[in-house]
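This report refers to the structure that appears directly beneath it.
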Amino acid sequence: MAITLEQAKGLRHGDVLHHNTDRNADGTCQRWRVASEVKTWKNDASRVQISIRWGLKTWGVLTEKDLGIVHPASECTRLK
Ligand SMILES: [Zn+2]
């Protein structure tokens, strides 16, 4: 599973993504929360940058190259 570039651009602060392979101790998907507005580039529509947060204080950045490692919470096949 993955999110598309268009889905990535449509994310909003506070939306939740699930990691495709990292699991919580109970087997549910690790939840990554969108931590700010999604950054896009007017002169390069192929780019996107998403600040994300997981756990209490771990931050990271997803770019268009990372869209294959997450899926939208709403499309999760491991319900919960
Ligand atoms: Zn999931």
For the chain, what mean projected area does the convex hull of the alpha carbons give, in nm²?
-> 5.1
Expected 222 nm ellipticity per residue - DSSP helices of 4 or more, -39500 (n - 2.57), all of the chain, to 500 = -1000 deg cm²/dmol
Once fully extended, how much extra length lies between Ala2 and Asp26, figured as 0.36 nm per residue of separation less the alpha-carbon to alpha-carbon distance?
-> 6.4 nm
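Each value in this text was obtained by applying a stated rule to the coordinates, not by laboratory testing. Quick caveat: nothing in here was measured; it's all calculated off a predicted structure.
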